[in-house]
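Nothing in this text is a laboratory measurement; each read-out follows from the coordinates by a stated rule. A quick note: this is a predicted structure, and the numbers were derived from the prediction, not measured. Ideal geometry is used to build each Cβ from the backbone, glycine not excepted, and the neighbour counts take in all protein chains shown.
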Amino acid sequence: MLFSSTEIAQFINNAFEPAWESVRPVPIVTIDFGNGTKVTRTLHGNIATYVCDADGRVLDVMAGIYEPSTFQERLNQFQLLARYVSFRFGGRSAPEAVLKDYHDRQVAALQAGKPPEILAPNIRAGMTKGKIENPVKLLAAGEAPGPQLGGLKQRVIPSPKGAAAGEITRWKELAEDTRLNETMRRRMIDVKLSEVGMVPPDQIVKWLYKDVLHADLDDPYLALGETLFKNYPFAAEDGGRSE
């Protein structure tokens, strides 16, 4: 839904060097109804969107599926974050320290039940004697111009006009996923990135999928083991797993 959007795809191509990685084979389930009737489907998976610096170190992550407008707003924040962290003058702003401070401040706001701070272009940035200002600044929610993230507990994401009942239901589910991503999951990610610092994605990918997305990459049944095997009456006869 997101990457098939021409607008979002164009934004990603213009603002980033996009790369795609599959972290495990796509699970496929086949149901045999007998009489030669079978249905084969892929199981719904999870996705994480990272922004990394030029050395491949993680600056921030979006975990899960988003509705398009919030996804693009977060992408724009990713773009500004990369500029904000990379700015250095006189050795006073190491990227690691700037990034940790950013995530610490996001955590503090979310824990206090407040919208996180917003990155915005610093229109007053310039060069003066002995001072060069960061072209991106961090503002309290409500101070930055234009669309802003935050307050998603109260934010209503409207469904598409003229949508059918089934589409409205799916849109409501997507809106709830977006709210969860930007509150609980956002806080977990900010805490983790503050702790580990600037690391490559492979150092946090298993944690991200297991603890944040609840899809353990080392679990062959993707947390469906209990559903598949609990109280299965023919486990012994089939030689299958029993729990």
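Going down the table (K114/K172; K114/K230; K100/K210; K114/K206; K100/K206; K172/K206), which pairs top 32 Å between alpha carbons? Pairs exceeding the cut-off: K114/K230. Computed from point charges on the beta carbon alone (+1 for Lys and Arg, -1 for Asp and Glu), the dipole magnitude for the stretch 1-83 about its Cα centre is near 280 Debye.
Remark: the stretch 108-117, residue by residue, has Karplus-estimated 3J(HN,Hα) of 4, 5, 5, 5, 8, x, 9, x, x, 5 Hz, where x stands for each Gly or Pro and the curve is 6.51 cos²θ - 1.76 cosθ + 1.60 at θ = phi - 60°. How far, in nm, would the chain grow between V199 and S86 when pulled straight, counting 0.36 nm per residue and subtracting the alpha carbon separation? Length difference between fully extended and current span is 39.2 nm. For V136, the residues whose modelled amide H falls within less than 5 Å of its own, excluding neighbours fewer than 5 places apart on the same chain, are N122.
Length available on full extension from A15 to V29: 0.36 nm per residue minus the Cα-Cα distance, which gives 1.3 nm.
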